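The structure appears below as structure tokens.
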Amino acid sequence: MQDIKEQCHKNIFDTYARTPVAFVKGEGCRLWDDAGKEYLDFLAGIAVCNLGHCHPAVTRAIVRSAEELVHVSNLFYTYPQVQLAAELTRLSFADKIFYSNSGAEANEAAIKLARKHSWDRFGPGRFHIITMRNSFHGRTLATLSATGQSKVHNGFEPLVDGFTYVDFNSIEAVQSAITDKTCAVLVEPVQGEGGLNFASPGYFRELKALCVKNDLLLIFDEVQSGLGRTGTLFAYEQEGMTPDVMTLAKALANGLPMGAMLATEEAAKAFVPGTHATTFGGGPLVANAALATLGILSDPAFLKGVRETGAYMHGRLGELKARYPFIKEVRGRGLMMGIELDIPGVPFVRKCLDAGVIINCTHETVLRFVPPLIAGRSEVDRLITVLDGIFEREVK
Ligand SMILES: *Cc1c(COP(=O)(O)O)cnc(C)c1O
């Protein structure tokens with residue numbers, strides 16, 4: 001451990017506060033470190049490995065693709081990205097796909113699309129985008145500007161112009177922020193990095209109506225909430241409405257870097273040859289991995305299992321809440337789950353790790369659980385046993 005730690009800090013930028021463990025192997029919901037210790041994974045590489053580590057169907061797709069064709073660029077046609085686009089549009093509200101390589105890039109594309117879409121219809125000057133406080137949209141200059149958290153902005157000013165932050169879950173706040181310069185609203189259907197925040201029933205339907213009335217594009221950042229995480233393929237499906245644009249990344253290729261912007265035909269027409277591009281986007285290797293991933297994630301029986309495990313987990317975390325007064329709230333949908341504490345959460349992450357369970361803490365006091373979606377009751381039971389033991393020592 002000491003060796004890799006020293007080498008890492010010597011030669012790699014110190015941009016991450018790393019936990020002192022080096023993983024060398026993964027399978028399903030389990031990981032192994034370089035000393036052979038086994039861990040149960042309730043983080044899934046930050047909601048990325050939704051099918052678990054090294055899922056055989058995805059591994060097979062990667063290996064086959066690596067032997068066949070890896071990259072030729074978007075100057076040509078390739079089959080996997082076209083097949084994947086057919087699947088993504090069949091399974092969602094969208095008509096058109098733009099491929100990126102990360103969540104930030106997918107959001108960057110959506111921000112550009114919103115500006116261009118408005119420019120084409122109304123001319124220049126209408127470029128403001130309303131986003132939410134405590135949101136997270138990425139770390140590029142435009143997406144960090146879109147992010148409603150000053151800790152992400154600090155030191156990088158001046159920010160990209162034209163973002164207005166309002167309180168999440170308040171229609172009035174959006175309403176009063178709209179001006180004749182506003183072109184879009186960008187929102188996560190569930191705030192992930194901001195502490196697992198859910199909106200009230202009906203909020204997104206009202207938000208959509210407000211956007212229609214004011215000619216604004218409604219962009220959903222489903223980079224974390226999408227791809228089965230909340231128990232439906234996309235979180236918007238549970239809101240009784242559809243956005244105009246949606247971004248995906250994290251779980252799209254179950255661990256390979258891939259993102260996508262999905263849009264209606266009407267919104268997509270603002271991008272024409274020369275307006276946006278990326279060299280790697282939608283290459284055969286990642287597109288084949290995504291096809292294999294989506295084939296499993298989109299199965300209604302699979303999604304039903306996610307909802308069932310999620311409901312079971314919600315109940316079991318509720319039992320802990322009844323026993324430990326420092327647990328303020330259990331929040332979750334599907335397997336996007338968290339408990340808010342009224343004490344700092346970070347020490348518990350380390351204690352879980354020592355006990356062989358990987359979890360994470362977001363927004364200082366929220367313990368977040370985003371396991372592989374293949375997790376079942378036995379994995380949940382193990383997590384609960386470990387948490388219970390740690391919490392019990394805490395109150396003593
Ligand atoms: C992780 C995340 C991003 C950024 O994705 P990267 O692939 O790290 O650029 C954007 N939006 C949301 C909601 C995320 O959770």
Filter result (part of a helix (DSSP H, G or I) and either more than 17 Å from ARG393 (Cα to Cα) or among the charged types (D, E, K, R) (or both)) within segment 318-368: GLY318, GLU319, LYS321, ARG323, ARG350, LYS351, ASP354
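To keep it simple, each residue is scored yes or no on (1) touching a residue at least 12 places away in the same chain (Cβ under 8 Å); (2) open to solvent by less than 50 Å² (accessible area, probe 1.4 Å); (3) within 25 Å of the chain's Cα centre (by Cα).
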residue	(1), (2), (3)
LYS328	yes, no, yes
GLU340	yes, yes, yes
PRO347	no, no, yes
ILE358	yes, yes, yes
VAL386	yes, yes, no
PHE391	yes, yes, no
Residue under evaluation TYR236, criteria (1) touching a residue at least 60 places away in the same chain (Cβ under 8 Å); (2) buried (at least 24 other Cβ atoms within 10 Å of the Cβ); (3) within 16 Å of the ligand (Cβ to nearest atom); (4) within 21 Å of ALA114 (Cβ to Cβ), criterion not met: (2)
Qualifying residue in segment 234-246 (condition: in contact with a strand residue (DSSP E or B) (Cβ under 6 Å, 6 or more places away or on another chain), assigned to a strand (DSSP E or B) and not assigned by TED's automatic domain parsing to the domain that holds HIS314): yes
Scan of segment 93-108 for residues that are more than 12 Å from the ligand (Cβ to nearest atom) and either assigned to a helix (DSSP H, G or I) or buried (at least 24 other Cβ atoms within 10 Å of the Cβ) (or both), ordered by number: ALA94, PHE98, TYR99
Residue match in segment 68-81 (condition: more than 25 Å from GLY192 (Cβ to Cβ) and acidic (Asp, Glu)): yes
Residues that are among the β-branched types (Val, Ile, Thr) and touching a Pro at 6+ places or on another chain (Cβ under 9 Å), drawn from segment 272-290: VAL286
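Here's the yes/no breakdown for (1) open to solvent by less than 80 Å² (accessible area, probe 1.4 Å); (2) outside the structural domain of ILE384 (by TED's automatic domain parsing); (3) in contact with a helix residue (DSSP H, G or I) (Cβ under 6 Å, 6 or more places away or on another chain):
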| residue | (1), (2), (3) |
| --- | --- |
| ASP14 | no, no, no |
| GLY26 | yes, no, no |
| ALA61 | yes, yes, yes |
| GLU68 | no, yes, no |
Subset of segment 255-268 (residues that are touching a residue at least 60 places away in the same chain (Cβ under 8 Å) and open to solvent by 50 Å² or more (accessible area, probe 1.4 Å)): PRO257, GLU265
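For segment 360-373, which positions are surrounded by 23 or more Cβ atoms within 10 Å (Cβ to Cβ) and either modelled with pLDDT under 95 or touching a strand residue (DSSP E or B) at 6+ places or on another chain (Cβ under 8 Å) (or both)?
LEU367, ARG368, PHE369, VAL370, PRO371, PRO372
The values are calculated or read from the model by the stated rules, or taken from the named source; none is laboratory data. Every value quoted in this text rests on a predicted model; they were computed, and no experiment measured them. Cβ sites come from the backbone with ideal geometry, for glycine too, and all protein chains shown count toward neighbours. Areas reflect the complete protein model, heavy atoms only, side chains present, ligands, DNA and RNA absent. Shrake-Rupley method; radii C 1.70, N 1.55, O 1.52, S 1.80 Å.
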